[in-house]
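Encoded as structure tokens, the structure appears first; notes follow it.
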Amino acid sequence: MQTVDSINFNNKRALVRVDFNVPFDKQFNITDDTRIKAALPTINKILNDGGSVVLMSHLGRPLKKLKDDGTVDIEKFSLKHVVDRLSFLLAKTVLFAPDCIDENSKHLSANLQNGQILLLENTRFHKGEEKGDEDFAAQLAYHGDVYINDAFGSAHRAHASTTIVAKHFAKENKCFGYLMAAEVANANKVLHNAAKPFTAILGGAKVSDKILIIENLLNIADNIIIGGGMAYTFFKAQGGEVGNSLVEADKLDLALDVLQRAKEKGVNILLPKDSVIADKFDNAANTQITINTAIPEGWMGLDIAHEAIQEFETTIMTSKTILWNGPMGVFEMDNFQNGTKSIAVAVAHATAEGAFSLVGGGDSVAAVNKFELAEKVSYVSTGGGALLEFFEGKTLPGVAALL
Ligand code: AMP
């Protein structure tokens, strides 16, 4: 794996795919600049070597979310709103090209001096981006002598700027940025080199979103903890009464099949013994605690309860490798956050005792941040969908393109 450390960028123009897909408020103020900060080490390495930087990224889905009159909402999806924050964080002027492949952008990048930074407009304003169009990718490639991908969150897409563009660079002229390299190294450590026992904790709403990852983990994990809404499909499949809890009726056979295969492979699947149930999907709902096979009609499980928490904690504390994706309940509501919080604390404790813990996938990352435990786990991944596909055992096109 070649990283930016393997290249001296002196007098070189580096084309860097970053992930500046950041959230904004209505006045286009950035509400969370984590993704911009994550790209700074790679940018600074190039500048410190004496090179120049051309940055490209997507922002939202401009061609799918058109204005009411059917036109593209340039203002809403423009990366120009990122320029000031990036300049501030780098303490340097950042130039901006209002299109990513037009003559003006090529003129700007061709005349870039060492030490300068140019940000190209949103690659997704062109339909060639998501199509992985060869000609569009060739035009993007014009902007750099070297290609760097530091956008792990987009590495599962074979888009022009994340994958196809890499064809235009010789092996020695393309590499992983620091963020991308860290993501791949940490995910590989869990997938291919996990110290045992290895426990995967999976939660969230739907079995269907997680089935491929469960199937792959059956080959490598010792324990798979299943919590959150997806657990109720497993109880229903085994003949339990789950009331109005979330169930995917068309996934019952699949759930039984997973349990059977786990048994055959000697993988310990832990389902929550009890739940905090509610009479409506509302923080102010009436609640009680029941075992998961006897949830009354009209009630729904919205969090794991004491017995489940205790059992899960015991398994987590004896693990040497932990992968966590998905909350244990509706943690966005204060009355149903206890299960997720307890599991986050247990993962932090196990980490303090020497386990390696990787937390990834949108909502579990939001959870460790909410409970201020992000610093207490080994690694928090920035790649939601990309990380899931990695653990499904798929080759990520954005990673393969650099090898
Ligand atoms: P996912 O994106 O599949 O990881 O799902 C995350 C979402 O699952 C969060 O918004 C949680 O509120 C939701 N969730 C977790 N547990 C439950 C549950 N028992 N019932 C309904 N939704 C849940």
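The values are calculated or read from the model by the stated rules, or taken from the named source; none is laboratory data. Given the structure is predicted, the values throughout are model-derived calculations rather than measurements. Cβ atoms come from the backbone with ideal geometry, glycine included; neighbour counts cover every protein chain shown. Side chains included, ligands, DNA and RNA excluded: accessible areas come from the protein's heavy atoms. Shrake-Rupley method; radii C 1.70, N 1.55, O 1.52, S 1.80 Å.
What to note about this one:
- Amide H within-cut-off set for residue 244, under 5 Å, with H built and near neighbours excluded: 298, 299, 300
- Paramagnetic reach from residue 293 in the stretch 228-261 [backbone N under 13 Å; point 7 Å along Cα→Cβ]: 235-242
- Put simply, the amide H of residue 270, placed in the peptide plane, has neighbours under 5 Å in 224, 225, 226, leaving out anything fewer than 5 places away on its chain.
- Positive minus negative residues near residue 344 (Lys, Arg vs Asp, Glu; Cβ under 9 Å): +3
- Compactness check for the stretch 4-181: Cα Rg over 2.2 N^0.38 Å is 0.95.
- In terms of its Cα atoms, the stretch 86-228 spans 56, 32, 32 Å along the principal axes, sorted from long to short.
- Calculated FRET efficiency for the pair residue 40/residue 283, C-beta based, R₀ 41 Å, to 0.05: 0.60
- The overall shape of the stretch 194-391, judged from the alpha-carbon gyration tensor, is oblate: a/c is not under 1.5, and a/b is no greater than b/c.
- Dipole magnitude of the chain, debye to nearest 20 (Cβ charges: Lys/Arg +1, Asp/Glu -1, about Cα centre): 980 debye
- Among the GluC sites (Glu not before Pro) within the stretch 254-360, those in coil by DSSP and having at most 13 neighbouring Cβ atoms inside 10 Å are 297, 353.
- Count Lys and Arg as plus one, Asp and Glu as minus one, and take only other residues whose Cβ is under 12 Å from that of residue 237; the net charge is then -2.
- Taking all Cα-Cα distances within the chain, those exceeding 32 Å account for 42%.
- Relative contact order [Cα under 8 Å, 6+ residues apart], the chain, whole percent: 15 percent
- With R₀ fixed at 22 Å, the C-beta to C-beta distance from residue 172 to residue 134 puts the FRET efficiency at about 0.50.
- Separation between Cα centres of the stretch 257-325 and the stretch 43-86, rounded to whole Å: 42 Å
- Using alpha carbons only: equivalent-ellipsoid semi-axes of the stretch 269-312, gyration tensor based, whole Å: 19, 11, 7
- Surface listing: 142, 178, 147 arranged by accessible area from highest to lowest gives 142, 178, 147, probe 1.4 Å.
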